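Just so it is clear, none of the values below were taken in a lab; they were calculated from the coordinates. Since the structure is predicted, the reported quantities are computational estimates derived from the model, not experimental observations. Positions of Cβ are generated from backbone atoms using ideal geometry, with glycine treated the same way; all protein chains shown enter the neighbour counts.
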Amino acid sequence: YFLDKSDKYDSRDVERLQQDDKWVENYLIWRHDVVDDTLKMIDESFQWRKEYTVNDLSESVLPKWLFEIGALFLHGYDKEGYKLFWFKVKHHTRDPKQQLDKKKLVAFWLEHYAKRDHGKPLTVVFDMAETGISHIDLDFVRFIVNCFTDYYPNFLTKIVIFEMPWIMNAAFKIVKGWLGPDAISMLKFTNKNDVQEYISGEYLPPHMGGTDSFKYSYPPLVDDDFQTPLCENGPITSEDEHESKEEIDADTKEAGELNEAQNLNQKKMNSVEQISKSEETDKTEIKPKNAKKALTTFKGSLLHISPAEELYFGSKETGEKKCLIVLTNVTKNVVAFKVRTTAPEKYRVKPSNSSCEPGTSLDIIVSLHGGFAASLQDRFLIMAAEMDQSSGAGVPELTQFWKEVPRTKVMEHRLRCHVIESSKPSSLTLKDNALNIPAKTNEDLHIQLTHLLQINKRLEEQMNRCLWFQQLSVVLSLLSVTVAAFCFYLAYAQRS
């Protein structure tokens, strides 16, 4: 494919495909591990990405009015912790002259989110309140469907359609014809009475029966609404005021023990990863994969951040309330950083606004405050930027630095929360063994199910071969008996 069509691909996509295992894995998952179908999807999506200049789409190259009308935007999370991609259908009007720009807007949002949150799947919400026949645009709907089915692999969790007018039933029968069986099963038709089965009221506007006071406006670009950095010791309450120095020292000691445990267990993990290449048992297939995932590191231009994607907290039953984030400065300058969160009332972060010396690592302890519990909707944002050696790293200097630093020089990385329901804490918490395995995600389970199906298929093939040999053996045995009987008959006839 590359040799024949290299001029039809963006070289950046080819380079990413060769380096990003997660991207390749998503293509395989979406095409059920059928390699030919996977290659075809990569080929089609790469050509589409170059045609729409996806890697170069930005706010500056699209008409400003497209962002201002608020027909498409990202905001909030569903009950499973997936980001909501909103389509306010009433703001869409069919106009062939604007169609290309609108399609590029869809690609912009998808690419913006994919790069920002590392391909975490989306839940699409079609808000069809106050819509009618004038808002139907099947070509645009088909483009949206194709984005998820053909161009962005394993990027869709469900499509929530709110209050679809009866006049559009015929149109959606056509849409269903474009969707494969997997995508059809993701369609959820809802109204005000049942939409909260999928999305909690805190992320639903009042006309959908929710309490979300969010009002879309532009600029700036709608984001996760991260709050201001937490203060050094987290929210100040009576409980925090009486926190002893011994507890803080215990936190630091605990973090140090985990670092030692991670270093000690890294060698173990390397040997386990080698064993995982074998398919002899489920243990070698599943456990090393999850263990490796728990210890992954995001390699940014300024900081390496571990864990790479998720902070693992326990549920109310397990009681695990602390996690560790390790930052490593990979530059030759001091790097200032600060931590922001979508739920500042829940979490304490120590430190939340500080700096990291060149070539050194720094531990950040994230702990749940009081009686709060972690939620799948909670997110953390780590911001980092290089400082001049002479700037100083005190609180006043950092405050002034963040006021003046250009946004283009700020590295951002997001982490999401994962709640472990099992009694065993995760490898990313600050207690017990660093090799404990986190609860499996839907993607892990899907991969394991696919693997089991492949094993089952191989067993069926082997069984069919055995049955074929068995039948052949029976036939040969019958022939042998027949020949022997015939020989005995001839011998008897000659004697008589």
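General remarks:
- Put simply, the amide H of residue 379, placed in the peptide plane, has neighbours under 5 Å in 342, 343, leaving out anything fewer than 5 places away on its chain.
- When the alpha-carbon atoms of the range 298-419 are used, the pair Rg, Dmax equals 14.8, 49 angstrom.
- Length released on extending from residue 64 to residue 345, taking residue separation times 0.36 nm less the Cα-Cα span: 97.7 nm
- Karplus (6.51, -1.76, 1.60) ³J(HN,Hα), θ = phi - 60°, over the range 472-486, in Hz, Gly and Pro reported as x: 4, 5, 4, 4, 5, 4, 5, 5, 4, 4, 5, 4, 4, 4, 5
- Ranked by the mean number of other Cβ atoms within 10 Å of their residues, highest first, the peptides 404-410, 375-381 come out as 375-381, 404-410.
- When you filter the trypsin sites (Lys or Arg not before Pro) in the range 1-106 for DSSP loop state and at most 15 other Cβ atoms inside 10 Å of their Cβ, you are left with 79, 94, 97.
- Shape analysis of the range 57-208 places it in the rounded category; the axes a ≥ b ≥ c from the Cα gyration tensor give an a/c below 1.5.
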